[in-house]
Amino acid sequence: MSNDNYNYNWDAIAAVVAALIGLLAIFISGYTAWNVRQQTRAQVWPYLQLGESDYLPSQILNGGVPVASQGGALEALNKGVGPAIVRSVEVLVDGKPQQGWGPVFKALGYHSNPKFEVSSFDHEVLSPGNTLNFFVIFGQKAWMHFKSKFVKHVTIRTCYCSTLGDCWTSTLDFRNLQPQGQPVSSCSGVPADEQFAG
């Protein structure tokens with residue numbers, strides 16, 4: 001074998017090795033970026049849980065004075081480690097979307113509404129560990145009457161996202177219990193006639 005052929009083969013091998021090292025560097029760089037994103041996702045992961053409570057919190061702020069009457073509440077709790085950015089809220093009675101609590105009461109057969117307070121959480125941001133009582137009925141009898149209808153007829157569904165744009169849905173439906181915090185590709189827009197105004 002001549003020296004020229006010998007040198008040519010080493011040059012070819014060196015070129016192949018350099019290409020492999022370049023590919024390995026790209027792979028390592030991509031894996032590192034993916035790993036960093038996964039760690040960041042874990043650090044900002046929200047987990048919105050919808051539920052109900054058969055008693056009012058010790059203080060429902062009304063000028064800083066605890067409310068003396070009893071009752072119950074529907075609540076949203078962020079049990080994750082990052083903020084939950086609420087993109088949409090839907091309230092359905094027997095599968096039909098409602099646009100507010102007035103229509104909900106009407107659909108449930110109420111002739112006059114009980115004493116209640118609401119806090120809209122559509123397009124709100126819930127901090128980690130934050131509980132929002134988004135619907136409160138005052139008076140234990142009034143709450144239990146509402147709850148008896150709620151568990152048979154009402155579904156509440158919300159879609160929320162993390163600060164990185166990952167999204168999930170949580171649903172409160174006593175007739176069809178399902179895991180909360182189900183991942184979705186995005187929070188698609190709810191049609192105007194199905195949006196719940198709170």
Separation of the L164 and E124 label points, Cα + 7 Å toward Cβ, nm:
2.6
Which entries in K115/K147; K79/K106; K79/K141 show an alpha-carbon gap greater than 25 Å?
K79/K106; K79/K141
When DSSP beta bridges are limited to those with both residues in the stretch 48-177, what percentage is antiparallel, rounded to the nearest 5?
100
Starting at the first residue of the stretch 112-119, write each ³J(HN,Hα) from the Karplus equation 6.51 cos²θ - 1.76 cosθ + 1.60 with θ = phi - 60°, in whole Hz, x for Gly and Pro.
9, 7, x, 6, 8, 9, 10, 9
Can you tell me the Rg and the Dmax, both Å, for the Cα atoms in the stretch 61-198?
15.3, 45
At D94 and W10, where each label point lies 7 Å from the Cα along Cα→Cβ, what is the point-to-point distance in nanometres?
8.8
Around L126 (Cβ within 13 Å, Cβ-to-Cβ, excluding L126; K/R +1, D/E -1) the net charge comes to -1
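Since every read-out is calculated from the coordinates, none of them should be taken as a lab result. Because the structure is a prediction, the values reported are computed rather than measured. Using ideal geometry, Cβ is built from the backbone for each residue, glycine included, and neighbour counts are taken over all protein chains shown.
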